[in-house]
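Note sheet for the following structure.
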Amino acid sequence: MASITDSGEAGERPARPRGPLIYRQAILTRITHWVWVIALFFLLLSGLQIWNAHPALYIGQESGFAYDNAVLRIGAENTDAGPRGFTTIFGQKFDTTGVLGMSELRGRTNFVGFPGWATIPSFRDLATGRVVHFFFAWVLVGTLAVWLVASLLNGHLWRDVILKPRDLRDLPRDIWDHIRFRFHHGRTYNPLQKLAYFGVFFVLFPLIILTGLTMSPTMNAGWPWLVDLFGGRQTARTIHFVVMVLLVLFFVAHVAMVVLAGPINELRSMITGYYRTSPGTKPDAPTKGKAE
Ligand code: HEM
C-alpha cells in the first residue's frame, strides 16, 4: 500500500501535494450552520403544508373568486381521461398528475397542491403545520442573530462574507475556475462563495423573514408599513414563496459544490473547524483557535 505523507512524498504512488491543515470555522459558525439546516428543513415542509391550504399565488393586494389574477395555481380537475392534477404558471397550464395537484398518499389518491412526502404532517393538517412553521421561524431568527453578533465580534463577517474590491476583480476568474471544476482551498472563502453566502445572509434570509412577518395580522397592526413595503399581503406571500424556491436552488448548488470540492474536507471544516488547504497556503499562526 502506498504511504502518503503531508509533504506529498509517497511510496509507490505519488500523493497529491497538500497544504497545511488550518482552523477555518469558529464554533458558533458551525453550530449556527447546522441549526439553520434543521430549521430550514422543517420550515420548508411545514410551509408547503400551509401553502396547500390555498395553493395559488397572486401579485397585488387582492385575491378572489370574481377574477383570476393568479400567477401560480396548483389544482385538480375532471377531464375526459378522469381526474388530473395541473399547475398553471403565468397562464401556462401543465399536467402535473402524480406530483402537484393530484398524488398518492398511502395507496389513496390525494387532491392536494404539494404531495404528502413534501409536507409536515404528510396529511392535511394546517394547524400543526402552522405550529411547526412558527416555532422554526423563531429558531431561524434567533440563530441568525447569534451568527451576526458572533461574526461581527470574531471577524468572520468582514473576513469571509463581505466582498472586497479585490474579490469583485477576481470574480470572473473564479467563475471560470468553478466552470472547469478547479477549486482553490484557501484560508477564506473564494469570491463566488462570498457572493453566494452574502446573498443568503443579507438578501434571502431578511426577505423571507420580513415577508413572513408581513403576512402576520399582529404585525400588520404593529408595523402597517411592512404591507406597503412589499406591495400588499398577496405580493409578500408570492415573494416569500419565490425566496423559498431560491433557497432550495441555493441548497442544491451548495451541496453539489461541497461534493465536487471534496466532501470529506469540506464537511470536516463545518464539523470540527479544521480544513485542508491547497499547497502554498500559509500555516496557522500560533494563535490558532482565537477566532472562536
Ligand atoms: C438549507 C440548507 C443550507 C444552507 C442555507 C446553507 C448555508 C450555508 C452558508 C450561508 C454557509 C457559510 C456559513 C458561514 O460562513 O458563516 C455555509 C457553509 C457550508 N455549508 Fe452549508 N448550508 C446548507 C446546507 C448544507 C448541507 C446539507 C451541507 C453538507 C452537505 C453543507 C455544508 C457546508 C459546508 C461544508 C460549508 C463550509 C464551506 C467551506 O468552508 O468552504 N451545507 N452553508
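Scanning the chain for chymotrypsin sites (Phe, Trp or Tyr not before Pro) lying in DSSP loops with no more than 11 further Cβ atoms inside 10 Å, the longest uninterrupted stretch between such sites is 182-292.
May I ask for log10 I(q)/I(0) of the chain at q = 0.07 Å⁻¹, from a Debye sum over the Cα atoms as equal point scatterers with solvent left out? So the normalised log intensities work out to -0.37. Considering only 113, 101, 262, the mean-square fluctuation computed in a Gaussian network model of the chain, springs between alpha carbons under 10 angstrom, is largest for 262.
Across the stretch 56-118, the volume of the C-alpha convex hull divided among the residues equals 99 Å³ per residue.
Specify the longest stretch of the chain that does not include any exposed loop site, a site being one of the trypsin sites (Lys or Arg not before Pro) with a non-H, G, I, E, B DSSP assignment and at most 10 other Cβ atoms within 10 Å. Don't skip to the answer; put the middle values down first.
On the way: sites that count: 106, 180, 182.
By the stated rule (loop sites, at most 10 other Cβ atoms within 10 Å), 183-292.
At 18 Å minimum axial length over the Cα atoms and a Kyte-Doolittle cut of 1.0, report the qualifying DSSP H helices in the chain, or say none.
Details: long enough: 27-51 (35 Å, 1.60); 126-154 (41 Å, 1.64); 165-179 (22 Å, -1.21); 233-261 (41 Å, 1.81).
Those that pass (Cα extent of 18 Å or more, hydropathy at least 1.0) are 27-51, 126-154, 233-261.
For the chain, what is the calculated [θ] at 222 nm in deg cm²/dmol (nearest 500), taking -39500 (n - 2.57) for each run of four or more DSSP H residues and dividing by its residue count? It would help to have the intermediate numbers written out before the result.
On the way: 9 runs with 137 residues, N = 292.
Result for the chain: -15500 deg cm²/dmol, rounded to the nearest 500.
Restricting attention to the chain, lysine pairs at least eight places apart or on different chains and with alpha-carbon atoms under 21 angstrom apart total 4. Here the Karplus curve 6.51 cos²θ - 1.76 cosθ + 1.60, taken at θ = phi - 60°, turns the phi angles of the stretch 82-88 into couplings of x, x, 9, x, 9, 10, 10 Hz, with x standing for Gly and Pro. Around the Cα centre of the chain, unit charges on the Cβ atoms of Lys, Arg, Asp and Glu (plus for the first two, minus for the last two) sum to a dipole of about 800 debye.
Each reported figure results from applying straightforward, stated rules to the coordinates on display, with no laboratory input. If you're wondering where the values come from, they're calculated on a predicted model, not measured in any experiment. All Cβ positions, glycine included, derive from the backbone under ideal geometry; neighbour counts span all protein chains shown.
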